[in-house]
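The values are calculated or read from the model by the stated rules, or taken from the named source; none is laboratory data. In this text the structure is predicted, and so the values were computed from the model without any measurement. Glycine gets a Cβ as well: all are built from the backbone with ideal geometry, and neighbour counts include every protein chain shown. Side chains are part of the model used for accessible areas, which takes the heavy atoms of the whole protein and leaves out ligands, DNA and RNA. Shrake-Rupley method; radii C 1.70, N 1.55, O 1.52, S 1.80 Å.
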Amino acid sequence: MSKLLIKNIGCLQTPVGSISHWGPRQGENRKLFQAAVLIEDGRIEAITSDGVLPGEAADTIIDAQGNLVTPGLVEGHTHLVFGGYRQGEIPLKLKGAGYLDILKNGGGILDTVRKTRQADAEELYQKSRGFLDEMMALGVTTCEAKSGYGLDLDTEVKMLEVIRRLDETHPMDLVATFMGAHAVPPEYEGKGDEYIELLCREMIPYVKEHGLAQFSDVFCEDSVFSAEQSEKYLQCAKDHGLGLKIHADEIEEIGGSQLAGRLGAVSAEHLIAIGEKGLNAMAEAKTTAMLLPATSFYLGKDFAPARTMIEKGIPVAIASDFNPGSCPSLNLQFAINLGYLKYKMTPEEILTAVTINPACAIGRGSQVGTLEVGKQADLVIWDAPDMEMLCYRFGSNLALQVIKKGELVL
Ligand SMILES: N=CN[C@@H](CCC(=O)O)C(=O)O
Ligand SMILES: [Zn+2]
């Protein structure tokens with residue numbers, strides 16, 4: 001069994017976790033100086049500090065040259081499988097067209113649905129592989145990916161099978177979320193309730209029966225799916241044993257975050273327009289707030305009240321929201337910068353928000369998201385002495401070396 005030693009780590013920084021007691025965190029971090037990590041068979045065998053090296057010899061040694069080492073980043077929210085792009089929407093947005101206006105006129109998500117239905121699985125697979133390569137080069141080692149650009153069974157299954165094939169063939173670990181309730185498809189225009197019926201009667205059972213997704217998600221938004229429709233869909237997903245996620249209170253507050261708390265959703269996404277009742281419901285249920293600052297930036301919206309969420313004890317995660325419409329950037333490092341500048345989170349809270357908290361929100365908290373003996377050896381060596389530098393510098397890729405399951409992948 002191969003042994004890898006990473007030595008001369010200036011600062012090893014990790015959220016506080018423990019395999020037996022893992023769960024979303026508020027931001028407590030552990031920092032070890034002049035540290036070293038011994039990895040065997042893809043797992044962390046030993047962590048030392050103060051210049052002391054693990055006793056056992058290693059086959060391969062990496063000198064971290066005094067740099068920062070953190071857990072591999074966990075990307076908790078993407079729509080990374082999609083046909084075509086939507087660059088044509090920019091001029092409309094610049095002329096003042098709102099995100100929902102474009103969708104109501106058959107563009108937006110529905111434009112990507114048309115292109116995804118036309119795209120073949122191989123094309124989607126190859127395009128998404130490229131995105132995963134880029135994300136891994138930025139320090140991401142585990143990633144969630146949603147369906148939701150099919151809105152019919154065949155194309156939703158096509159998307160989820162692409163995600164499964166990516167998980168089987170790419171070094172990145174992927175977690176799939178079924179999002180058949182992303183929008184009402186054109187063939188059900190004006191018949192949203194009937195489409196929810198179809199999702200509950202046909203698609204959710206099929207997805208569960210074929211093990212195609214671990215979670216289910218819905219776009220609960222004005223003129224997309226109401227809180228009532230979202231509840232019906234999520235209750236059906238819950239009854240079929242899928243974990244619950246909900247795009248909530250992104251543009252209008254229509255009760256999505258309250259629903260998240262009431263149903264015990266594992267996470268609620270966006271939350272730009274969340275109100276006091278939604279905050280209290282999520283705090284009560286310990287539903288993770290999956291915040292998407294690059295979407296706020298790109299749509300020219302406000303930023304979610306992250307500080308208030310942390311003060312209320314709501315676990316906070318930060319993700320890219322990579323998708324062709326509201327956030328055509330997969331750069332989680334940029335989301336880290338925005339977490340610092342716009343959410344005013346501390347570097348420790350931000351590290352927690354891009355590692356253990358999203359890991360818990362996608363069901364991987366016991367395997368990844370912290371650096372501790374026994375966990376999977378997913379780590380990043382950064383071109384930075386500390387987490388402050390990662391939060392402060394933006395526009396450059398500061399990931400120097402990425403280790404995935406003990407293998408150097410970058
Ligand atoms: N808001 C809904 N869904 C995605 C955007 C999807 C799209 O515009 O293609 C989001 O999370 O931002
Ligand atoms: Zn999304």
Q) Only one of (1) within 16 Å of ligand 1 (Cβ to nearest atom); (2) touching a Pro at 6+ places or on another chain (Cβ under 9 Å); (3) at negative phi fails for Leu132. Which number is that? A) (1)
Q: Can you give me the number of residues within the stretch 155-172 that are among the acidic types (Asp, Glu) and within 11 Å of Ala145 (Cβ to Cβ)?
A: 1
Q | Output for the stretch 229-250, where each listed residue is within 16 Å of Gly264 (Cα to Cα) and either within 15 Å of ligand 2 (Cβ to nearest atom) or among the acidic types (Asp, Glu) (or both) | A | Ser230, Glu231, Asp239, Leu244, Lys245, Ile246, His247, Ala248
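Go through the residues of the stretch 358-369 one by one and say whether even a single one is within 16 Å of ligand 2 (Cβ to nearest atom), closer than 22 Å to Val266 by Cα and in contact with a Cys (Cβ under 7 Å, 6 or more places away or on another chain).
Looking through the stretch 358-369, none of the residues is within 16 Å of ligand 2 (Cβ to nearest atom), closer than 22 Å to Val266 by Cα and in contact with a Cys (Cβ under 7 Å, 6 or more places away or on another chain).
Go through the stretch 60-82 and report how many residues are in a strand (DSSP E or B) and either within 12 Å of ligand 1 (Cβ to nearest atom) or in contact with a Cys (Cβ under 6 Å, 6 or more places away or on another chain) (or both). Spell out how you get there, then give the answer.
Quick first cut of the stretch 60-82, residues in a strand (DSSP E or B) only: 60-63, 68-71, 73-75, 78.
Those still in the list that are either within 12 Å of ligand 1 (Cβ to nearest atom) or in contact with a Cys (Cβ under 6 Å, 6 or more places away or on another chain) (or both) too: 68, 75, 78.
Of the residues in that region, 3 qualify.
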Q. Of Pro315, Pro305, which residue is open to solvent by less than 10 Å² (accessible area, probe 1.4 Å) and more than 16 Å from ligand 1 (Cβ to nearest atom)?
A. Pro315
Q. On the given criteria, is Glu56 part of a strand (DSSP E or B), among the acidic types (Asp, Glu) and in contact (Cβ under 8 Å) with a residue 40 or more places away in the chain?
A. no
Q. When you go through Ala268, Ala213 one by one, which is the residue that is buried (at least 24 other Cβ atoms within 10 Å of the Cβ), within 15 Å of ligand 1 (Cβ to nearest atom) and not in a helix (DSSP H, G or I)?
A. Ala268
Q: Look through the stretch 140-162, keep the residues that are over 15 Å from Phe322 (Cα atoms) and within 18 Å of the chain's Cα centre (by Cα), and return whichever of them is nearest to ligand 2 (Cβ to nearest atom).
A: Met159
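In the list Ala319, Ala289, Ala304, which residue meets the criterion of being within 16 Å of ligand 2 (Cβ to nearest atom) and within 20 Å of Trp382 (Cβ to Cβ)?
Of Ala319, Ala289, Ala304, the one residue that is within 16 Å of ligand 2 (Cβ to nearest atom) and within 20 Å of Trp382 (Cβ to Cβ) is Ala319.
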Q) From the residues in the stretch 140-158 that are over 27 Å from Gly369 (Cα atoms) and of a type in the set (A, V, I, L, M), which one is most open to solvent (accessible area, probe 1.4 Å)? A) Leu153
Q. Would you call Leu12 in a strand (DSSP E or B) and either surrounded by fewer than 19 Cβ atoms within 10 Å (Cβ to Cβ) or in contact with a strand residue (DSSP E or B) (Cβ under 7 Å, 6 or more places away or on another chain) (or both)?
A. yes
Q: Pull up the stretch 326-346, narrow it to residues that are outside any loop (DSSP other than H, G, I, E, B) and free of Cβ contacts under 8 Å to residues at least 60 places away in the same chain, then point me to the one that is surrounded by the most Cβ atoms within 10 Å (Cβ to Cβ).
A: Ala335
Q.
So in the stretch 120-139, with the set limited to residues that are within 16 Å of ligand 2 (Cβ to nearest atom) and either in contact with a Lys or Arg (Cβ under 8 Å, 6 or more places away or on another chain) or not small (Gly, Ala, Ser) (or both), which one is most open to solvent (accessible area, probe 1.4 Å)?
A. Phe131
(Q) Against the condition in a helix (DSSP H, G or I), of a type in the set (D, E, K, R), over 17 Å from Gly72 (Cβ atoms) and open to solvent by 40 Å² or more (accessible area, probe 1.4 Å), how does Glu187 come out, does it pass? (A) yes
(Q) Quick test for you: out of Leu351, Leu291, Leu330, Leu379, pick the one residue that is closer than 20 Å to Ala399 by Cα and within 16 Å of ligand 1 (Cβ to nearest atom). (A) Leu330
Q | One residue from Glu349, Glu372, Glu388 being surrounded by fewer than 21 Cβ atoms within 10 Å (Cβ to Cβ) and either of a type in the set (S, T, N, Q) or not in a loop (DSSP other than H, G, I, E, B) (or both) | A | Glu388
